[in-house]
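The values are calculated or read from the model by the stated rules, or taken from the named source; none is laboratory data. Everything quoted here is computed from the prediction, not taken from an experiment. Please note: Cβ atoms are built from the backbone with ideal geometry, for glycine as well, and neighbour counts cover all protein chains shown.
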Amino acid sequence: MAEGFNKSHLLGIEELSAAEIKFILKTAEAMKEISFREIKKVPTLRGKTIITFFYEPSTRTRTSFEIAAKRLSADTINISASTSSLVKGESLLDTAKNLQAMQPDVLIIRHPHAGAPHFLAKHIEAAVINAGDGMHEHPTQALLDALSIIEKKGGIEGLEIAIIGDIAHSRVARSDILLFTKLGANVRIAGPLTLIPPYAEVLGSKVCECIEEALEGVDVVIALRVQRERLKQVLFPDLREYAIMFGLNRKRLSLTKKDAILMHPGPVNWGVELDPEIMNMDRTIILDQVTNGVAVRMAVLALVAG
Ligand code: CP
């Protein structure tokens with residue numbers, strides 16, 4: 001285990017101290033330049049075996065974990081629910097125990113149920129990394145968001161950060177609020193009242209009555225996708241109305257500080273939570289976030305398995 005990070009797993013931001021978060025981010029800053037070398041490979045995890053096991057679709061998280069593992073010279077195996085024996089009725093625990101029997105060093109899991117990675121961490125020896133569990137946490141997304149903010153703003157402490165949209169179904173919002181408040185930022189949230197969870201204030205964020213209040217004078221804006229796949233009932237009239245009430249456009253962004261940055265974890269529903277007119281603004285750093293995802297995941301893999 002590395003100095004400064006003494007955990008065998010990365011299950012959530014909730015379990016991390018501010019010092020551990022800062023240590024991961026410093027490690028990620030050091031890892032980032034490897035992706036810009038001609039030969040994008042270092043031997044840190046040579047001989048290690050890393051399995052990604054995704055029960056839900058993913059473009060960014062899964063690809064960047066695999067790229068991160070390969071840049072650290074680990075051997076990678078990718079499993080998806082649809083091509084595994086889960087479709088024959090094998091349980092999550094049996095699946096994990098069978099994978100463990102092949103001696104992997106790290107199991108990266110995305111699962112629709114909150115707590116699935118925590119459950120596996122209790123039952124297998126490999127390091128477990130949470131790549132998103134239901135509506136609970138997405139710790140590496142929060143870490144890459146933090147790295148992206150630090151790059152543009154020099155730090156997190158004292159910043160005003162607005163998170164706008166479907167907070168209730170968002171594991172990103174939960175992990176972001178936990179991380180930003182641990183590092184000393186003030187977090188405001190806004191969205192349809194039906195999509196604001198009761199725990200938002202408990203986590204330390206301020207629930208704003210309208211989007212304008214949330215955006216006024218902030219340093220950072222994070223827009224969230226409406227997670228239609230998780231909506232069990234109708235919680236707002238329709239996407240057109242949502243875009244009118246809560247979509248971000250140039251006019252609304254003019255309420256923020258002049259140098260405020262705009263972020264989104266992806267995938268973006270252009271025309272719903274973000275107006276396409278702000279896609280190419282200098283302050284829109286969505287693709288920088290994706291680049292930083294590789295650096296953060298290299299850091300996390302090196303720290304839990306290096
Ligand atoms: N941000 C994020 O988790 O994207 P994917 O679902 O594509 O991994």
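Among the residues of segment 111-128, the ones that are buried (at least 24 other Cβ atoms within 10 Å of the Cβ) and either within 13 Å of the ligand (Cβ to nearest atom) or not assigned by TED's automatic domain parsing to the domain that holds MET298 (or both) come to 0 in all. In segment 179-205, which residues are under 23 Å from LYS251 (Cβ atoms) and surrounded by fewer than 18 Cβ atoms within 10 Å (Cβ to Cβ)? Passing the criteria: only LEU193.
Of the residues making up segment 250-282, those that are touching a strand residue (DSSP E or B) at 6+ places or on another chain (Cβ under 7 Å) and either surrounded by 17 or more Cβ atoms within 10 Å (Cβ to Cβ) or among the small types (Gly, Ala, Ser) (or both) are LEU253, THR256, ALA260, ILE261, LEU262, MET263, HIS264, GLU273, LEU274, ASP275, ILE278. Scanning segment 51-78 for residues that are part of a helix (DSSP H, G or I), closer than 14 Å to ILE129 by Cα and among the polar types (S, T, N, Q) yields THR61, SER64. Out of GLY12, GLY4, GLY47, one residue alone is in a loop (DSSP other than H, G, I, E, B) and touching an Asp or Glu at 6+ places or on another chain (Cβ under 6 Å). It is GLY12.
The single condition among (1) on the phi < 0 side of the Ramachandran plot; (2) at pLDDT below 95 that VAL221 does not satisfy is (2).
Residue count for segment 115-144 under the criterion of being touching a residue at least 24 places away in the same chain (Cβ under 8 Å) and not in a helix (DSSP H, G or I): the result is 15.
Listed here are the residues, each with its yes/no results for (1) in a helix (DSSP H, G or I); (2) away from the ligand (no atom under 16 Å from the Cβ).
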residue	(1), (2)
ILE163	no, no
TYR199	no, yes
VAL202	no, yes
GLU213	yes, yes
LYS257	no, yes
VAL268	no, no
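Of all residues in segment 159-172, those that are of a type in the set (A, V, I, L, M) and within 13 Å of LYS206 (Cα to Cα) total 5.
Here is a yes/no grid of residues against (1) more than 16 Å from the ligand (Cβ to nearest atom); (2) among the small types (Gly, Ala, Ser); (3) within 21 Å of LEU144 (Cα to Cα):
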{"residue": "THR44", "(1), (2), (3)": "yes, no, yes"}
{"residue": "ILE50", "(1), (2), (3)": "yes, no, yes"}
{"residue": "ILE67", "(1), (2), (3)": "no, no, yes"}
{"residue": "LYS70", "(1), (2), (3)": "yes, no, yes"}
{"residue": "ASP75", "(1), (2), (3)": "yes, no, no"}
{"residue": "THR83", "(1), (2), (3)": "yes, no, no"}
{"residue": "LEU86", "(1), (2), (3)": "yes, no, no"}
{"residue": "ASP94", "(1), (2), (3)": "yes, no, no"}
{"residue": "ASN98", "(1), (2), (3)": "yes, no, no"}
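Of the candidates ILE164, ILE222, the single residue that is within 15 Å of the chain's Cα centre (by Cα) and surrounded by 19 or more Cβ atoms within 10 Å (Cβ to Cβ) is ILE222.
Of all residues in segment 79-103, those that are surrounded by fewer than 16 Cβ atoms within 10 Å (Cβ to Cβ) and assigned to a helix (DSSP H, G or I) total 9.
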